[in-house]
Amino acid sequence: MTTAIAPFTKFKNAIQTADVKKRFEAILADRAPSFMASLLSVVAGNDKLQACTTPSILTAAAKAAILNLPIEPSLGFAYIVPFKNEATFITGYKGLIQMALRTKQYEAINADAIYEGEEVVINRLTGNITINGTRTGDDVQGYFAYFKMKNGYEKFVYMTVDQVREHGKKYSKSYDFNSSAWKTDFGAMARKTVLRQLLTRWGLLSIEMQDDDAINLEAITNDPRLQTPDDVGVPDFGDTDVVEGEFANDIPIEVIEAVVNAGLSENAFSMQTTLALSNINTNGISEVIAWFRLYRGWRDTGLGAEEAAEKANAGEKP
């Protein structure tokens, strides 16, 4: 009689293999053991995460490792979140702030709510934002994020409550779940949303601590390790003997291979993460290839992942 291996035991056995350890050591060097111990703790404390495929958990963890962010949920820097049987990496509010502060180029970073009685006035010529009026109640009208760099460059993003809500519905798989942070702490998710839009489009983010010398913006922007926090290249854990899983969304393997072989995505898991933003039939090779070409074209113009996906979904050419 064969005894079934418990999900956590199976995962624990997988990350203790030499192959998996080697891949995390390539990212973290001597910090790999402590990170993997933290990963074990996170998975052990979450039954839903234990039900996820091992490759998806390792891929999500690798993204956090590349960005040099701790994954302990209570710290708020990064999260490995279960969705059905797949784990997803999510950058936390503190994680975005941390990657910005590492550059040592910011004089101020802030994100907050706009309440009733307050009015946001935008100067379309200069791009400056002014908050007029006086708060008269607790009803929130919208959320803003703002930064000013040491060289004087300023930028802001403002979204109404309805715009934030629509953004969450469109891009968050767990938006409608009762346990989702969108339901339990909408304000925190809204602040993170506007901050993310701001920093990933116009700000500087860094994987590692920087010295006090001036930072080359072009070098950072083109660093293949650092694009947007959810679009980093990660090791493919799907080819190890001890880590067996299935591809998310039942995407045919020939479609995945076509996209990767065409150089439109680094690996299968990165490809699927990006494709989750599309509204196309993922079974058609030509349709997926065409979508990725549009998406990559828009990314090359400087658009963030979500905005580039919107353009590709609309069939717009860069």
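FYI, it's all coordinate maths here, none of it is from the lab. In this text, all values refer to a predicted model and were calculated from it rather than measured experimentally. Don't worry about glycine lacking a Cβ; one is built from the backbone with ideal geometry, like all the others, and counts go over all protein chains shown.
Could you tell me, in Å, what Rg and Dmax come out for the Cα atoms of region 7-94?
Here Rg and the maximum Cα pair distance are 11.8, 33 Å.
I need the shape label for region 106-203. Rule: rounded when a/c is under 1.5, else prolate if a/b > b/c, else oblate, with a, b, c from the alpha carbon gyration tensor. Provide the component values of the computation, followed by the final result.
Values: a/c = 2.22, a/b = 1.37, b/c = 1.61.
Verdict is oblate for region 106-203.
Longer than 22 Å from Cα to Cα, which of K84/K192; K12/K48; K21/K104; K12/K183 are they? Say none if no pair is.
K84/K192; K21/K104; K12/K183
If you count, for each residue, the other Cβ atoms within 10 Å and average over each peptide, how do 192-202, 58-68, 19-29 line up from highest to lowest?
Values: 192-202: 21.9, 58-68: 25.5, 19-29: 15.8.
Result, highest mean Cβ count within 10 Å first: 58-68, 192-202, 19-29.
Just to confirm a number: summing +1 for Lys and Arg and -1 for Asp and Glu over residues other than L199 whose beta-carbon lies under 11 angstrom from that of L199, what do you get? Intermediate results must be reported in sequence, preceding the final value.
Numbers: positive: K155, K192, R196, R201; negative: none.
Local net charge: +4.
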